[in-house]
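Some notes on the structure that comes next.
Throughout, read-outs are computed from the coordinates displayed, never taken from laboratory work. In this text the structure is predicted, and so the values were computed from the model without any measurement. We place every Cβ from the backbone using ideal geometry, glycine too, and count neighbours over all the protein chains shown.
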Amino acid sequence: MNTFYFSPGSCALASHIALAESGLPYQVKKLNFAEGEQRSEAYLAINPKGRVPALVTDKGVVTETVAILGYIAQAAPEARLAPLADPFLFAKMQAFNAYMASTVHVAHAHGRRGYRWADQETSFEDMKNKLPQVMSECFRLIEDGMLEGPYVLGEHYSTADPYLFLMSGWLKSDRVEIADFPRVHAHYRMMLERPAVQKALAEEKAA
């Protein structure tokens, strides 16, 4: 049994959706960030980074969204969550996921966790004010050059799709209109209809 640690509203949702798609057995455990559970001794023994997601498998713990998504795809090849037989397409999927993790997510975090990069309140305000522009630039690149449609890799669903869905859902809070990106918006609406997405959202709400 895999154990998946998450916090509601976090980037863990992408991996949660992939787990729901995979058919792998899993249970979810919610961490209450407001109460500091991510910094508890028990959780730090699982993930010393004190962040989510974390996936406890029978071989050990996997952390970081890109790694977890890749693990799930390879652990459940019958679910066809990645083009495992095509090294180029697999790399293309991983490049997209890495962009989500290293650029888009980091840009989003600048609007909420400026203390990671600066100490002055004025710096925090600058980051917040810059956020809509930076996120819009990221999603313009996705809209015009990275989302092949209807899925990220074209006709075939992959672990890149729950990651894009997650980030698309954050746009409103970043003061960016998803409607400005019609292809991304269509992808988001399509993803909302997937049973695995609905299952993951329901599990997070019930946990």
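Quick rundown of the values:
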quantity: Contact order relative to length of the range 9-67, as percent, for alpha carbon pairs under 8 angstrom and 6 or more apart; calculated: 31 percent
quantity: Modelled label reach - ARG116, point 7 Å along Cα→Cβ, the range 139-162 residues with backbone N closer than 19 Å; calculated: 139
quantity: Stokes-Einstein diffusion coefficient of the range 14-67, Kirkwood radius over Cα pairs, 25 °C, 0.890 mPa s, in µm²/s; calculated: 204 µm²/s
quantity: Eligible aspartates and glutamates near LYS49 by straight Cα distance, threshold 14 Å, same-chain separation 8 or greater; calculated: GLU37, GLU41, GLU64
quantity: Gained length - PHE33 relative to ARG183, 0.36 nm times residue gap less alpha-carbon distance; calculated: 50.7 nm
quantity: Net lengthening on full extension, ARG175/SER40 (0.36 nm per residue, minus Cα-Cα); calculated: 45.3 nm
quantity: Set of lysines near LYS205 by C-alpha distance (under 19 Å), chain-local residues within fewer than 8 positions excluded; calculated: LYS29, LYS30
quantity: Distance in nm between pseudo-label sites at ASP126 and LEU89 (7 Å out along the Cβ direction from Cα); calculated: 4.5 nm
quantity: Cβ-defined net charge surrounding ARG80, 15 Å radius [Lys, Arg +1; Asp, Glu -1]; calculated: -4
quantity: Within straight-line cross-link reach of LYS128, lysines at Cα separation under 17 Å, skipping those fewer than 8 residues along the same chain; calculated: LYS172
quantity: Taking the chain and dividing mean pair separation by its residue count, relative contact order in percent (alpha carbons under 8 Å, at least six apart); calculated: 23 percent
quantity: Ranked by how many other beta carbons lie within 10 Å on average, peptides 167-175, 78-86, 32-40 from highest; calculated: 167-175, 78-86, 32-40
quantity: Debye intensity ratio in log₁₀ form over the Cα atoms of the range 87-194, taken at each q of 0.14 Å⁻¹; calculated: -0.55
